[in-house]
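Okay, structure first, notes after.
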Amino acid sequence: MIKNICCIGAGYVGGPTMAVIAQKCPEVNVTVVDINEARIAAWNDEDVSKLPVYEPGLDAVVAEARGRNLFFSTNVDKAIDEADMIFISVNTPTKTYGVGKGMAADLKYIELCARQIARVSTTDKIVVEKSTLPVRTAQAIRDILDNTGNDVKYQILSNPEFLAEGTAIEDLHAPDRVLIGGDTNTEEGRAAMQALVEVYASWVPKEQILTTNVWSSELSKLTANAFLAQRVSSINSLSELCEVTEADVDEVAKAIGMDSRIGPKFLKSSVGFGGSCFQKDILNLVYIAKSYGLNEVADYWEQVIIMNDHQKGRFASKIIKTLYNTVNGKKIAFLGWAFKKDTNDTRESAAIYVADILLSEMAQLSVYDPKVPEAQISFDLNYLASRTKEENEAGVTVVTDPYKACEGAHAVAVLTEWDEFKDYDWQRIYDGMLKPAFVFDGRRLLDGEKLKAIGFEYKTIGK
Ligand SMILES: NC(=O)c1ccc[n+]([C@@H]2O[C@H](COP(=O)([O-])OP(=O)(O)OC[C@H]3O[C@@H](n4cnc5c(N)ncnc54)[C@H](O)[C@@H]3O)[C@@H](O)[C@H]2O)c1
């Protein structure tokens, strides 16, 4: 039975997943380690409203388990050595250099973890891939671990994480399924898989814990994200057709979603998907397919990304066109910066790309997001390197009051579907804006009829 778990990487996945494992398995010690000292300090902050990851319900889980059997530390070596089971939950971003630049997953952090485990371990370990990885990465990890020359024995499992940010705790408490891939051909492999099954079985019904060979497990995670993103791009592609034919994309989505073969989820048209995973994982899939010479497979999936980029650009173009083909010097209020509601994560957020286009047209942006701080917004824009830091600063103001964001604006753009935006005093917002007062609803969130009755020019997607 597993007594000590270590998780390398205290990010959006490592933090919440380990907090829930610790909560549900009080007899197991769980230590989450990271090289980022500030992040670990935030996980250890006495005030649980200051955790580095915002997720509804996460604060209560951490408050329950932290200090009992959940620990956050920067002492990576110690946690590795003491553990029977080590989760690798580090970031696997798209490569920004060399072969596969802009497509392949950068596995440098994974390899560093494997080498550190190999260097430090003095007892047998089960190593679990929690990060999303290209199919066959377990082979590379095995090669590194098996060639260290010491007598330590390793089993490598794949246990991809399917949680969605914004509902991570709900998803972890009641997952649709848990997937565990391992070496099904050997006694030791099957025993390692069983050890991880038992961890999850503390709270997940056994029928929902799937075991497969390691390659199927690795590929299933990329496939799940590709299918989910494909649904978004599919409905978004039709939103453009709706706009020119007087069809309404929400009505179309409802009509097709009631077909039990299609189902209603992930059919909400929007300014485009964001987040750290969909784009990166599809690009990774495209790269893998290409590397095996499967060009038609690669092209098929790449189209999902092309459509998403088109949707973001189309939203920005619509703002410019509607504002009489110029936004130069015009104040545009952004409501929302996070890639979706109920998270403070901004990675690949559609807001960043829409902002970038509008800034290139010399707009003045005023941004409000309930959970994203100014420093993150500046970081996201500077990271694009489209213009200097000073130019970004001159074009963007970040405010903590949504009414201030909209005061004196030509237009309001809704970029994230935060619930609170629906309940604003829209009459007050209207009164403070220049006329005609435009609302561009990139999430189909607001009551368009109500806004029109107030006097707004309301524009949305797919209608
Ligand atoms: N974010 C999601 O919703 C989600 C969902 C499912 C799967 N995933 C996958 O999980 C993995 C992690 O994603 P994330 O969003 O948690 O990333 P993240 O960037 O939030 O966290 C990764 C952490 O790993 C740390 N790290 C990197 N190298 C390290 C090392 N050698 N030693 C110690 N710490 C190290 C980083 O400092 C960082 O804090 C990725 O592969 C991602 O694709 C993410």
inquiry  = Between 0 and 90 degrees, rounded to the nearest ten: what's the tilt of helix 108-120 against the longest Cα principal axis of the chain?
reply    = 30
task = Considering the options Asn308, Pro264, Gln208, tell which one lies farthest towards the positive end of the dipole of the chain, charges being +1 on Lys and Arg and -1 on Asp and Glu at the Cβ, about the Cα centre.
result = Asn308
query = Could you give the angle, 0 to 90 degrees to the nearest 10, between helix 14-24's Cα long axis and the longest principal axis of the Cα atoms of the chain?
reply = 60
request  = Report, to the nearest 10°, how far helix 350-360 tilts away from the longest principal axis of the Cα atoms in the chain, using its own Cα long axis and a range of 0 to 90°.
outcome  = 50
query = What trypsin sites (Lys or Arg not before Pro) in the stretch 1-87 are in a loop by DSSP, with at most 15 other Cβ atoms within 10 Å of the Cβ?
reply = Lys3, Arg68
query = Beyond 19 Å, what share of the Cα-Cα pairs of the stretch 34-134 remains, rounded to the nearest whole percent?
reply = 55
inquiry  = Placing +1 on the Cβ of each Lys and Arg and -1 on the Cβ of each Asp and Glu in the stretch 36-114, which of Ile88, Leu107, Pro56 has its Cα farthest towards the positive end of the resulting dipole?
reply    = Leu107
key: Test item: Cα-centred dipole of the chain, Lys/Arg +1 and Asp/Glu -1 on Cβ, debye   = 720
Most to least packed among 123-135, 297-309 [average Cβ atoms within 10 Å] = 123-135, 297-309
task = Can you put His310, His410 in order of Cβ neighbours within 10 angstrom, beginning with the fewest?
result = His310, His410
request  = Taking every pair of Cα atoms in the chain, average 1/r, invert it to obtain the Kirkwood radius, and report Rg/Rh to two decimals.
outcome  = 0.99
The stretch 4-204 - Debye-derived log10 I(q)/I(0), Cα point model, q = 0.11, 0.12, 0.14, 0.15 Å⁻¹ = -0.48, -0.58, -0.80, -0.92
remark   = Cα-only Rg/Rh for the stretch 405-463 with Kirkwood Rh rounds to 0.91
query = In the stretch 309-338, which chymotrypsin sites (Phe, Trp or Tyr not before Pro) are in a loop and have at most 13 other Cβ atoms within 10 Å, using DSSP for the loop call?
reply = Tyr324
key: Theoretical ellipticity at 222 nm over the chain - DSSP helices of four or more residues, -39500 (n - 2.57) apiece, nearest 500   = -14000 deg cm²/dmol
query = Do any trypsin sites (Lys or Arg not before Pro) in the stretch 168-226 lie in a DSSP loop with no more than 15 other beta carbon atoms within 10 Å, and if so, which?
reply = Arg177
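Where a number appears in this text, it was derived from the coordinates with a stated rule and is not lab data. What you see is a predicted model, and the numbers here were worked out from it, not measured in a lab. As a convention, Cβ positions derive from the backbone with ideal geometry for all residues, glycine included, and neighbour counts pool all protein chains shown.
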